[in-house]
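Student: Can you read through this structure? Questions will come right after.
The values are calculated or read from the model by the stated rules, or taken from the named source; none is laboratory data. Note that the coordinates shown come from a computational prediction; the quantities given were computed from them, not determined experimentally. A quick note on method: Cβ atoms are made from the backbone with ideal geometry, for glycine too, and the neighbour counts reach across all protein chains shown. What goes into the accessible areas is simple: the full protein's heavy atoms, side chains included, and nothing from ligands, DNA or RNA. Shrake-Rupley method; radii C 1.70, N 1.55, O 1.52, S 1.80 Å.
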Amino acid sequence: MPLYHASIALAAGMAAQALAFRLQIPGIVLLLVTGVALGPDVLQWLAPSEIGAARGELVSLAVAIILFEGGLGLQMEYLKQQQRSLSLLLTLGALISMSVGTLAAHYFLDMPWSTAALYGSLMIVTGPTVVTPLLSRLTIDRSVRDILVGEGVLIDPIGAIVAIVALEYVLEDHGVLATGGEVLWQLGIGGIVGAFAGIAMAYILRHHWVAEELWNPVVLASVVFFFSLANKMAGGEAGLMTAVVQGVWLANTGLRQLGSLRQFNEEMTVLVLSFIFVLLAANLPLQAVADLGWGALAVVAAVVWIARPLAAMLCTIGSDLTIQQRMFIAWVCPRGIVAVSVAGLFSILLADANRSGGTALEALVFVTVALTVTVQGLTVGPVARLLGVDVPSLSGTMIVGADSFGRLLGRILTAFGRQVVLLDQNPVLCRRAQKEGLISLNGDALSQDFLEESGARYVDTLIAATTNQSLNTLLATRFRHDYRAQRVLSIEPSPEGAPEAGLRPFPGNFPGPYDTNRLLQRSTAAILEYAVPAGADTIGKKLTDLEYGESEFAIVLLRRNLAFIASSDHKLEAGDRLLCVGFAAGSHPLANDLELVRQLSIDEVDQLQPAKEESD
């Protein structure tokens, strides 16, 4: 009765997830306990063998759906900032984890080198289904989060493919070169198919070939199809890489309904994760775990406290991460469903080939997953607070609107050392911003999911500067309510009724975003830098009380080597410098009260003097 046993696994898994949410503990812990309790060695309510030969394919498909959902959460613009560290973790870090895991399994448990190598290959993967929920409870630095989540999502298909090829090496005694070539072949085919799938689905959805009501099931069907196609073309588990690449591609196309797509896939992930984990845990013979003895704890300790710290510290050398952040990355390394599912598959294939060691391998992987998830699930919060990486100081500016004015504002802030990210629904404008060296993400700023993935919780300043001033008002209102940003500025039709009445960005003769974009397209537009000399009559005056030229307005105030977005509440002090946008050949009434230091064309913005910025 395969359906009966599958229904037990599904119902029990969802019950365990609900209880884990209520108890505020990692769901995977209760899933493992539930599966073992229902299995043949305890209550005997669930017999995974009854599901039949399709069990391995079901597990593989479930992992693909989980990895696709993980790919949907990756923003490439942010990952590029940590490209070096992330690349090293996916290569050198993976090699270190595999080597230490192999050595530990061989010397602490006397496993044959072939079985130990299989265990080592499974230690390459981390657990995105565990890492992401753990980090969601913390407010850690964006760069740390991006590295951990990016590593978890990207390393899983790599690790799974390496492990499957390693098994083929053990069973069929392939040469090392042939084995390495097979890994590259599967990764390459998987990546190519995934890129094609992402491009095709993005085109279909963007041109509304499919009704929006059907987006979610159609995309899910495409994930299943292209996953199967890649596996058929390359053999092995190439489809896992396909699922990740397809997810990443769709995540970075700025589709308007991406938020609902992510929500649907998150729900599907919870469903399949619960089902598969209970099913796999029920298949674990408890006697095999007992037979491992205390040596299993030594193996896990070596993986967690030797391999991971060594890999994390070596792979982040030369990065902009602090030592505390690097230590936190070294601590977070839970293993999850990919390791468990592939270990279960190994046990089946080794048994079919009349090879020993499969049961012990599966038991050791389960012990590793259970210990790493439980220990790190309970300690990640205290460790983050001990290292001082939780609740970081806010920094950076988020600009909604990547047209000419938004890009100019981003370039000026970047020139003064400010971290800036631009958001816009128009992919053309986003590409223009990226060509100018700015981080620009394509998506809907009204989407909570998109804001979260764009780093809204980390910025101290939001500037809503789209040409739709009513939208700016709505964005600012939502941002004030949902996030901790210290300054929320928006270009609005009028100050009446605004949450911060009178606090207006860009004092002066600001013509509005639409006309400002037209102004910036003229060759006569310029950046004017003024200085406030000691004893000037303007000292103590608000920026709104100054006399500006035609279409001239203040954009940035520099004070004691700190840069602030110019707004109506700022008062001038001696030594201040004021950056304004205006006409190069027009009249400059400000020069009567302030010293006009220099005048730059729009293309010369990058020549501005860098300055350190902080929020006021």
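Student: Could you provide, to the nearest whole Å², the per residue accessible area of the range 159-251 with probe 1.4 Å? List each step's numbers first, then the result.
Tutor: Numbers: 4140 Å² over 93 residues.
Heavy-atom accessible area per residue stands at 44 Å².
Student: I want to check a number: in the chain, how many lysine pairs have alpha carbons closer than 21 Å, given a sequence separation of 8 or more or different chains?
Tutor: The number of close lysine pairs in the chain is 4.
Student: Hey, can you find the accessible area per residue of the range 306-436 for me, probe 1.4 Å, expressed in square angstrom? Could you put the intermediate results ahead of the total?
Tutor: On the way: 4690 Å² over 131 residues.
About 36 Å² of surface per residue is accessible.
Student: What ranking of E547, E182, E237, E57 comes out by heavy-atom accessible area, probe 1.4 Å, highest first?
Tutor: Most to least solvent-accessible, the answer reads E57, E547, E182, E237.
Student: Nearest 10 degrees, 0 to 90: what angle lies between the long axis of helix 94-109 and the longest principal axis of the chain (Cα atoms)?
Tutor: Compared with the principal axis, the helix lies near 30 degrees.
Student: Per residue of the range 436-444, what does 6.51 cos²θ - 1.76 cosθ + 1.60 with θ = phi - 60° give for ³J(HN,Hα)? Whole Hz please, x for Gly and Pro, Karplus curve as stated.
Tutor: For the range 436-444, the Karplus-derived couplings read 8, x, 9, 7, 9, 10, 8, x, 8 Hz, x marking Gly and Pro.
Student: On the accessible surface of the range 326-455, probed at 1.4 Å, how many percent belong to carbon and sulfur atoms? Mind showing how you got there, number by number?
Tutor: Numbers: 2350 of 4250 Å².
Reported share for carbon and sulfur atoms: 55 percent.
Student: Whole-Hz ³J(HN,Hα) for each residue in the range 524-534, computed from phi via Karplus 6.51 cos²θ - 1.76 cosθ + 1.60 with θ = phi - 60°, x for glycine and proline: what do you get?
Tutor: Values per residue, Gly and Pro as x: 7, 5, 8, 9, 10, 10, 10, 10, 9, x, 4 Hz.
Student: First measure r as the distance between the Cβ atoms of D515 and A591, then evaluate 1/(1 + (r/R0)^6) with R0 = 35 Å and state the FRET efficiency to the nearest 0.05.
Tutor: After rounding, the FRET efficiency stands at 0.90.
Student: Take Y458, Y203 and sort them by solvent-accessible surface of the protein heavy atoms, 1.4 Å probe, largest at the top.
Tutor: Y203, Y458
Student: Per residue of the range 588-603, in order, report the coupling 6.51 cos²θ - 1.76 cosθ + 1.60 (Karplus, θ = phi - 60°) as ³J(HN,Hα) in whole Hz, putting x for Gly and Pro.
Tutor: Computed from phi, the couplings for the range 588-603 are 10, x, 4, 5, 6, 10, 10, 8, 6, 7, 7, 9, 10, 6, 4, 6 Hz.
Student: Tally up the carbon and sulfur contribution to the accessible surface of the range 191-251 as a whole percent, 1.4 Å probe, everything protein left in place. Intermediate results must be reported in sequence, preceding the final value.
Tutor: Working: 1960 of 2640 Å².
The nonpolar share, carbon plus sulfur, comes to 74 percent.
Student: Further question: For the range 1-151, what is the accessible area per residue in Å², given a 1.4 Å probe and the full set of protein chains?
Tutor: On the way: 6270 Å² over 151 residues.
Value for the range 1-151: 42 Å² per residue.
Student: For helix 238-251, what angle does its Cα long axis make with the longest principal axis of the chain, in degrees from 0 to 90 and rounded to 10?
Tutor: That helix lies at roughly 20 degrees to the long axis.
Student: Given only helices, namely DSSP H runs of n ≥ 4 each adding -39500 (n - 2.57), what is the per-residue ellipticity at 222 nm of the chain, to the nearest 500 deg cm²/dmol?
Tutor: Value at 222 nm, helices only: -18500 deg cm²/dmol.
Student: Does anyone have the angle between helix 142-172 and the longest principal axis of the chain? Alpha-carbon axes, 0 to 90°, nearest 10?
Tutor: Between helix and principal axis, roughly 30 degrees.
Student: Could you work out what % of the accessible surface of the range 512-558 is carbon and sulfur, using a 1.4 angstrom probe and leaving DNA, RNA and ligands out of the count?
Tutor: Details: 850 of 2030 Å².
That fraction is 42 percent.
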